[in-house]
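Everything on this sheet refers to the single structure shown next.
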Amino acid sequence: MKKFALTLCLLMGCYSLVQAQDDQEPPYGMGELEAYSVFVDAYQSEDYELAQMYGEWMINARPETIEGHPGFDLERQFDRMANVYAGLAQEETDPSLVDEYLEKAINTFNIAFETFTTEEQQFDWNHRKGRFYQTYMDMFDDGRDKTIEYYSNAFEMDPERFTGMDDGYYVQILLMNYVTTGQREEALALIDTIEDYAPPAIQAEIDDARNELFDDPEERVVYLESRLEGADEEEQEGLMREIAELYDELGDAESSTQWAERLYELNPNFENTRKLADIYLSDAQYQEALDYLIEAKEKSPSDEEEKVAALEIAETYQQLNDLESARDYARQAIDID
């Protein structure tokens, strides 16, 4: 091994003295397997200058196979070479050389697009190029835009496959970009496309995106009502509660009451019963409020809630001039506390 390393160093030291070799052949007359091994070792040890010399041979020659290495994958070497150039750019202080290395990295992707032409390969290279721009975003003036461009290309080619990659990580980047840049129609179209096969890991992000897209009360009501049909019972309850509150915020008492009644019909628990009682009390509909107050008292989850309900029932009976019933419920409140 030491003898090989010494020989390699001597060859590199004499590089400027030898004539330019055919870029279709491995450097210094090496065999393909030997040159490939040098490239991989240099890449893994982040010796990007050495990796560049041997990697450029593979990019130019594009060998489909290497004898003695049945697992050779040419596409993987293109991917590695783009990272080699990016690594060299990160190590460089001369701005002109930084630009040169970055240009070589992008050109590596351009050659890859010309070389690997099946639909599946084109999908992979759009995804890889987007990932490259994302990884080295700070090194490009348009790094963010290019990331979105190539991820979008891959998504359009195969929406289901792209959505499932890394538990939805990449499609989430597209969605959040649309949301943060105010592209609501694009975001909603994306959600419509991916919702049926989006991984569970990003369902919460999809809901959050929708919530952020519909912050105007009137638009949000329409959006929430549209979600009711496909929602399960628990989701419907949450949606109905928010719809009732939004109508109350909009000053539409009639609609707010109607949705509160639907909510009660769906689940007549303490909270929903109490909600209806409060609505009728605020509108001075004491007789209507009374039935729900009595029911809420019976369903109270705590002594405190039951005491409050008993006092309000007493006050409501007083408003209805039924003083005997008012005194009865006042005593019940005293008995509780």
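Relative contact order of segment 202-337: 13 percent, from C-alpha pairs under 8 Å at least 6 residues apart in sequence.
Take every Cα pair under 8 Å whose residues are at least 6 apart in sequence, average their separation, divide by the length of the chain, and the relative contact order is 6 percent. In segment 200-337, Rg over Rh equals 1.09, where Rg is the alpha-carbon radius of gyration and Rh the Kirkwood radius from pairwise Cα distances. Using the Cβ-Cβ distance between residue 278 and residue 320 with R0 = 22 Å, the FRET efficiency computed as 1/(1 + (r/R0)^6) comes to roughly 0.80. At the listed q of 0.09 Å⁻¹, the Debye profile of the chain, built from one uniform point per Cα, gives log10 I(q)/I(0) equal to -0.69. Label-to-label distance, residue 140 versus residue 173, with points set 7 angstrom from Cα along the beta-carbon direction: 1.0 nm. For segment 42-99 versus segment 276-303, the spacing of their alpha-carbon centroids is 74 Å. The distance between label points at residue 119 and residue 271 comes to 4.8 nm (points 7 Å beyond Cα on the Cα→Cβ vector). What FRET efficiency comes out for the pair residue 76/residue 205, r = Cβ-Cβ distance, R0 = 35 Å, nearest 0.05? My answer for the efficiency is 0.70. Working value for segment 78-168: equivalent-ellipsoid semi-axes of 25, 14, 10 Å, each the square root of 5 times a Cα gyration tensor eigenvalue, largest first. Taking 257, 93, 147, 135 and ordering them by how much accessible surface each has at a 1.4 Å probe, largest first, produces 93, 135, 257, 147. Number of Lys-Lys pairs in the chain with C-alpha atoms under 17 Å apart and a separation of 8 or more places or on different chains: 8. Potential lengthening of the chain between residue 328 and residue 258 amounts to 22.0 nm, from the contour at 0.36 nm per residue minus the alpha-carbon distance. Close amide H partners of residue 66, meaning residues 5 or more places away or on another chain with modelled amide H under 5 Å apart, are 72.
The values are calculated or read from the model by the stated rules, or taken from the named source; none is laboratory data. All values derive from a computational prediction rather than experimental measurement. Here the Cβ is made from the backbone with ideal geometry for all residues, glycine too, and neighbour counts use every protein chain on show. To get the accessible areas, we keep the full protein, side chains included, count just its heavy atoms, and leave off ligands, DNA and RNA. Shrake-Rupley method; radii C 1.70, N 1.55, O 1.52, S 1.80 Å.
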